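These notes concern the structure reproduced below.
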Amino acid sequence: MAEVSGVVVDWGGVVTLPFARGIALWAADEGVDAEEFRAALGRILGPAAEPGPVARQFRLVERGELSVAEFEETLASLAVRSDGSHPVAAGMVERMFAPFADEPEMTGLLRVLRDAGLKVALLSNSWGHTYDRRGWDGLFDAVVISCEVGLRKPEPEVFRHTARLLDLRPENCVLVDDLGSNIRAARAIGMAGVHHRTAPETALALTSLLPPAGRRAVLRYLGAAPSGH
């Protein structure tokens, strides 16, 4: 295995709080059944989902080929309140991702990696919301947002594009993502992959992939991280 010198991380559910928790916070504000909404997404986007026009809208908006306003109409139709009504479509994407705050443990890990000489990139599939990019200059050497580049995970070219921005080969990069389909696609072009659950678990998984300086830095991070994970 080639030595890893670049770490590529997902945004929602990796840099931020978990996807399910963020959706639950949004759903509580909207009066939406969070479990049913997530189940609806699973039926459309999950491993057993059949291709169809609704799934195609998700792919198109992630590539920037469908307007957010049109996508929001579809998204709102999937969310149901207790009285059977749907949330207001306009602005739904912004409201949905407003609770997705950065997880301090994960941003702390990313700073440790960069300080140890590793290159770090953000690679995010986007539904067109506005990212709060404050502090990103100190976290990332490159930022790839799907709708800004016309490429999305798990398309192989988006991983190659991200590696090029780091001036690295895919074989010298590891993808940290919370979706197995994205990890499998990255591995297929030569990247290593870590399935993210918590920052300490991801840090531990990275220790077997990193060069000595990165490994030592991550072990120090783990020694300082709060226990109980």
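Some points to look at:
- Criterion violated by GLU65 - all others in (1) in a helix (DSSP H, G or I); (2) within 24 Å of VAL143 (Cβ to Cβ); (3) open to solvent by 20 Å² or more (accessible area, probe 1.4 Å) satisfied: (1)
- Top-ranked residue in segment 84-98 [being free of Cβ contacts under 8 Å to residues at least 40 places away in the same chain and open to solvent by 50 Å² or more (accessible area, probe 1.4 Å); ranked as nearest to TYR131 (Cα to Cα)]: GLU94
- Once segment 158-178 is narrowed to residues that are under 17 Å from GLY190 (Cβ atoms) and part of a loop (DSSP other than H, G, I, E, B), the residue that is nearest to the chain's Cα centre (by Cα) is LEU166.
- Only one of ALA101, ALA55 that is aliphatic (A, V, I, L, M) and open to solvent by 30 Å² or more (accessible area, probe 1.4 Å): ALA101
- Failed item, numbered, when ALA76 is tested on (1) touching a Pro at 6+ places or on another chain (Cβ under 6 Å); (2) in a strand (DSSP E or B): (2)
- Once segment 111-157 is narrowed to residues that are part of a helix (DSSP H, G or I) and open to solvent by less than 30 Å² (accessible area, probe 1.4 Å), the residue that is nearest to HIS196 (Cα to Cα) is LEU113.
- Tally, over segment 1-38, of residues that are of a type in the set (Gly, Ala, Ser), open to solvent by 10 Å² or more (accessible area, probe 1.4 Å) and out of contact with any Gly (no Cβ under 9 Å at 6 or more places or on another chain): 4
- Whichever residue in segment 187-201 is touching a residue at least 60 places away in the same chain (Cβ under 8 Å) and within 14 Å of the chain's Cα centre (by Cα) and, among such residues, is most open to solvent (accessible area, probe 1.4 Å): THR198
- Single residue of ALA24, ALA20, ALA40, ALA28 found to be without any contact (Cβ under 8 Å) to a residue 40 or more places away in the chain and either within 16 Å of the chain's Cα centre (by Cα) or part of a loop (DSSP other than H, G, I, E, B) (or both): ALA20
- In segment 113-128, the residues that are in contact (Cβ under 8 Å) with a residue 60 or more places away in the chain and of a type in the set (Val, Ile, Thr) reach residues that are surrounded by fewer than 19 Cβ atoms within 10 Å (Cβ to Cβ) and not in a helix (DSSP H, G or I) with C-beta atoms within less than 8 angstrom, at least six apart or across chains, in these pairs: VAL120/ASP141.
- Filtering ARG160, ARG184, ARG216 for residues that are touching a helix residue (DSSP H, G or I) at 6+ places or on another chain (Cβ under 9 Å), surrounded by fewer than 20 Cβ atoms within 10 Å (Cβ to Cβ) and of a type in the set (Lys, Arg) leaves a single hit, ARG160.
The values are calculated or read from the model by the stated rules, or taken from the named source; none is laboratory data. All values derive from a computational prediction rather than experimental measurement. Every residue, glycine among them, receives a Cβ derived from its backbone with ideal geometry; neighbour counts consider all protein chains shown. Keep in mind that these areas ignore ligands, DNA and RNA; they rest on the heavy atoms of the full protein, side chains included. Shrake-Rupley method; radii C 1.70, N 1.55, O 1.52, S 1.80 Å.
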